[in-house]
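The values are calculated or read from the model by the stated rules, or taken from the named source; none is laboratory data. The shown structure was predicted, so the numbers you read here are calculated from the model rather than taken from an experiment. Please note: Cβ atoms are built from the backbone with ideal geometry, for glycine as well, and neighbour counts cover all protein chains shown.
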Amino acid sequence: MCDMNQAARSRYSDTRQQILSTAQTIILGKGFAAVGLNEILKTAGVPKGSFYHYFDSKEHFGSALLENYFDQYMLTLDAHFHPAESTAIDKLISYFDNWKISQCDDTSTDKCLVVKLSGEVTDLSESMRLALKQGTQRVISRLALVVQEAIDKGEISIEDDAQTVTEEIYYLWIGATLLTKVNHNPDALHVAMNALRARLNLPQSAR
């Protein structure tokens, strides 16, 4: 009986994750409100009508989508910042370099669920707004640890505390990513990188 229950839980978890992963790709392209549940379930290969077996409502699904996105993103952050052979500041700059490169590959395609949904769902759903708020706070806190490490090791010298500086940098990059989408060019991200280096008292780099 225990094995059967474990197998059932595993199938439930796998199917739920399949729905969330499939939905993320579709919603990055179309937005949240424009995507129907049938499209998600059909693409995920999940029988129609089974959606409410995994989620109480579309709003609950949206919150779960964001929570899953941030859970996966935090794993990516941990993997990026884990290597011991690089300095904290090198890992931080590399993180934002990767951000810039990923957004510059195709400025007409959304790749960040935070940017894609922030303007849409904050007025649509309080639970989704809170999921966005809590998720972005998790990211900022993780980045702030790296900034603090760079300060502690003498890699950078800044007057403000790590949390404040990290918030400024993160908000700047979210805004620059949005403007990259609006303008269909990466100029805002180049400005963001120069501003990041200036805020951390690092030398400017060529584009």
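Let's see how each residue does on (1) over 21 Å from residue 89 (Cβ atoms); (2) surrounded by fewer than 16 Cβ atoms within 10 Å (Cβ to Cβ); (3) aromatic (Phe, Trp, Tyr):
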{"site": "154", "(1), (2), (3)": "no, yes, no"}
{"site": "160", "(1), (2), (3)": "no, yes, no"}
{"site": "163", "(1), (2), (3)": "no, yes, no"}
{"site": "173", "(1), (2), (3)": "no, no, yes"}
{"site": "176", "(1), (2), (3)": "no, no, no"}
{"site": "185", "(1), (2), (3)": "yes, yes, no"}
{"site": "193", "(1), (2), (3)": "no, no, no"}
{"site": "198", "(1), (2), (3)": "no, yes, no"}
{"site": "204", "(1), (2), (3)": "no, yes, no"}
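Among the residues examined, residue 90 qualifies as over 18 Å from residue 28 (Cβ atoms), surrounded by fewer than 19 Cβ atoms within 10 Å (Cβ to Cβ), acidic (Asp, Glu) and more than 19 Å from the chain's Cα centre (by Cα).
Scan the range 61-68 and tell me whether some residue there is surrounded by fewer than 18 Cβ atoms within 10 Å (Cβ to Cβ) and free of Cβ contacts under 8 Å to residues at least 60 places away in the same chain. So far as the range 61-68 goes, no, none of its residues is surrounded by fewer than 18 Cβ atoms within 10 Å (Cβ to Cβ) and free of Cβ contacts under 8 Å to residues at least 60 places away in the same chain.
Counting residues in the range 53-67 that are in the same structural domain as residue 191 (by TED's automatic domain parsing) and within 30 Å of residue 198 (Cα to Cα) gives zero.
Do the conditions hold for residue 26, that is, is it out of contact with any Phe, Trp or Tyr (no Cβ under 9 Å at 6 or more places or on another chain), at pLDDT 90 or above, within 22 Å of residue 118 (Cα to Cα) and not assigned by TED's automatic domain parsing to the domain that holds residue 122? Write out each step before concluding.
Numbers: out of contact with any Phe, Trp or Tyr (no Cβ under 9 Å at 6 or more places or on another chain): yes; at pLDDT 90 or above: yes; within 22 Å of residue 118 (Cα to Cα): yes; not assigned by TED's automatic domain parsing to the domain that holds residue 122: yes.
Criteria met by residue 26.
Scanning the range 93-108 for residues that are among the hydrophobic types (A, V, I, L, M, F, W, C) and either more than 14 Å from the chain's Cα centre (by Cα) or modelled with pLDDT of 95 or more (or both) gives 93, 96, 101, 104. Condition test on residue 111, is it part of a loop (DSSP other than H, G, I, E, B) and either under 16 Å from the mean Cα position of the chain (by Cα) or assigned by TED's automatic domain parsing to the domain that holds residue 29 (or both)? Criteria met by residue 111. Can you spot a residue in the range 69-90 that is small (Gly, Ala, Ser) and touching a residue at least 12 places away in the same chain (Cβ under 8 Å)? Yes; the residues of the range 69-90 include at least one that is small (Gly, Ala, Ser) and touching a residue at least 12 places away in the same chain (Cβ under 8 Å). Criterion applied to 177, 166 was being among the β-branched types (Val, Ile, Thr), within 26 Å of residue 33 (Cβ to Cβ) and not in a loop (DSSP other than H, G, I, E, B), and the one residue passing it is 177.
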